[in-house]
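Engineer: First the structure, then my questions, so here it is.
The values are calculated or read from the model by the stated rules, or taken from the named source; none is laboratory data. Because the structure is predicted, anything quoted here is derived from the model rather than measured. Don't worry about glycine lacking a Cβ; one is built from the backbone with ideal geometry, like all the others, and counts go over all protein chains shown.
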Amino acid sequence: MPTLTISEQVEGALETFQHAPQRCAHSLLDWDCSTYHGLWQLLRLSGVQPSIDRDAEHINACLVPALIDRPGARVLITGCADYGLLALLLAQDEERGLNLNIEILDTCDTPLAANRWYAAQCGATIITHQVKLFDFAAAEQYDLVITHSFISQFSLTERPHLMAHWYQLLKPGGHLITTVRAYADGIDIARPRLEAKNALDKAHAVLRGLAAQGITAPVSVEEFEALLVHFFQERPTREVTTSAHLDALLADAGFRVAQQLSKAAKKPGQDSLIGAPEQSRGADIVTLRAVKDAVHR
Ligand SMILES: C[S@@+](CC[C@H](N)C(=O)[O-])C[C@H]1O[C@@H](n2cnc3c(N)ncnc32)[C@H](O)[C@@H]1O
């Protein structure tokens, strides 16, 4: 499997950016995702937005026990914004000769197209499904369901349903691997939108990050800055998750947590919920592997 050069990654990011308005117009999300999906690959390249690369070590540590001794495993990625998880899976596949059957699901074709693009670069075959997770009925159950930053896409009341759906998609003995930002407390606190000043600062950081790598804005700098500010300010707010809440949700759905790896999201003070009563709330990035035991509940 080839490791993509920066210029190949930029080529993919620009293809995504260019086609996002048309592709996202057919998204099944109830909000306009074209800025989010269109910019996402460029944000990753800028180094400003945390991406799957940050969590690769922990995800790989969970992938090994989930996939070992399962040649030809059926794998489903739920929600994909980028091709980061696919890249990790294909790397494991090549290293260990796993012969994986990978399917990817998302409500929008923009990230699915980015994954098809990446698979084509690697000479790999994948199947993509444009569907809402709760509407997805699998032809056959999976050995592994894997996600990254997906739980936060669902409201607190939807999360038990999300866990139940993942559980039902897995074969008995199958694994769920997920990475989630977990706060010490406050599951009812939605992450507020960034204030204008902070959004502009972040937009400038993205422009600097791209420039440092010789990547120029795909539209005029003013237009690009406005899109970035829109991205940082207008993303829908989400209720945050705590580790305790996550553990309870998984247990209630019938999962057994077999592996849990955490690291601090950022240094205290950097990770602030702007507008929240406390300016700094510690958060961990938790990657866990949960098993659907081969016992009927
Ligand atoms: C998986 S997450 C983000 C992953 C990204 N790696 C990150 O670090 O933030 C977001 C993706 O989930 C998709 N999504 C949101 N709600 C969904 C749903 N109900 N069913 C399927 N996909 C959904 C969005 O279109 C988006 O591409």
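Engineer: Out of region 45-59, which residues are on the phi > 0 side of the Ramachandran plot and surrounded by 20 or more Cβ atoms within 10 Å (Cβ to Cβ)?
Structural biologist: Of everything in region 45-59, nothing turns out to be on the phi > 0 side of the Ramachandran plot and surrounded by 20 or more Cβ atoms within 10 Å (Cβ to Cβ).
Engineer: A further question follows. Only one of A124, A114 is of a type in the set (G, A, S) and closer than 16 Å to H37 by Cα; which?
Structural biologist: A114
Engineer: Looking at region 121-141 only, could you name the residues that are of a type outside the set (D, E, K, R), without any contact (Cβ under 8 Å) to a residue 60 or more places away in the chain and out of contact with any Ser or Thr (no Cβ under 6 Å at 6 or more places or on another chain)?
Structural biologist: Of everything in region 121-141, those that are of a type outside the set (D, E, K, R), without any contact (Cβ under 8 Å) to a residue 60 or more places away in the chain and out of contact with any Ser or Thr (no Cβ under 6 Å at 6 or more places or on another chain) turn out to be T125, I126, I127, T128, H129, F134, F136, A137, A139.
Engineer: Which of the residues belonging to region 35-66 are closer than 18 Å to Q259 by Cα and either more than 10 Å from the ligand (Cβ to nearest atom) or not assigned by TED's automatic domain parsing to the domain that holds N115 (or both)?
Structural biologist: Passing the criteria: A56, E57, H58, I59, N60, A61, C62, L63, V64, P65, A66.
Engineer: Pairs, please: C-beta under 9 Å, at least 6 apart or cross-chain, first residue acidic (D, E) and in region 142-171, second assigned to a helix (DSSP H, G or I)?
Structural biologist: D143/A66; D143/L67; E158/F134
Engineer: Give the number of residues within region 89-99 that are buried (at least 17 other Cβ atoms within 10 Å of the Cβ) and over 16 Å from Y118 (Cα atoms).
Structural biologist: Looking only at that region, the number is 1.
Engineer: Using the structure shown, decide if L29 is at pLDDT below 95 and within 11 Å of the ligand (Cβ to nearest atom).
Structural biologist: The answer is yes for L29.
Engineer: Another question, then. Residues L144, L86, L156, L105: which one is crowded, with 20+ Cβ neighbours inside 10 Å and out of contact with any Phe, Trp or Tyr (no Cβ under 7 Å at 6 or more places or on another chain)?
Structural biologist: Selected residue: L144, the only one of L144, L86, L156, L105 that is crowded, with 20+ Cβ neighbours inside 10 Å and out of contact with any Phe, Trp or Tyr (no Cβ under 7 Å at 6 or more places or on another chain).
Engineer: Filtering region 67-122 down to residues that are near the ligand (Cβ under 10 Å from one of its atoms) and at positive phi, which residue is modelled with the highest pLDDT?
Structural biologist: G79
Engineer: While we're on this one: Restricting to region 230-244, name every residue that is surrounded by fewer than 19 Cβ atoms within 10 Å (Cβ to Cβ) and part of a helix (DSSP H, G or I).
Structural biologist: Result: H230, Q233, E234, S243, A244.
Engineer: State all residues of region 1-54 that are over 27 Å from Q92 (Cβ atoms), in contact (Cβ under 8 Å) with a residue 24 or more places away in the chain and outside any helix (DSSP H, G or I); if no residue qualifies, say none.
Structural biologist: H26, S27, L28, L29, W31, C33, V48
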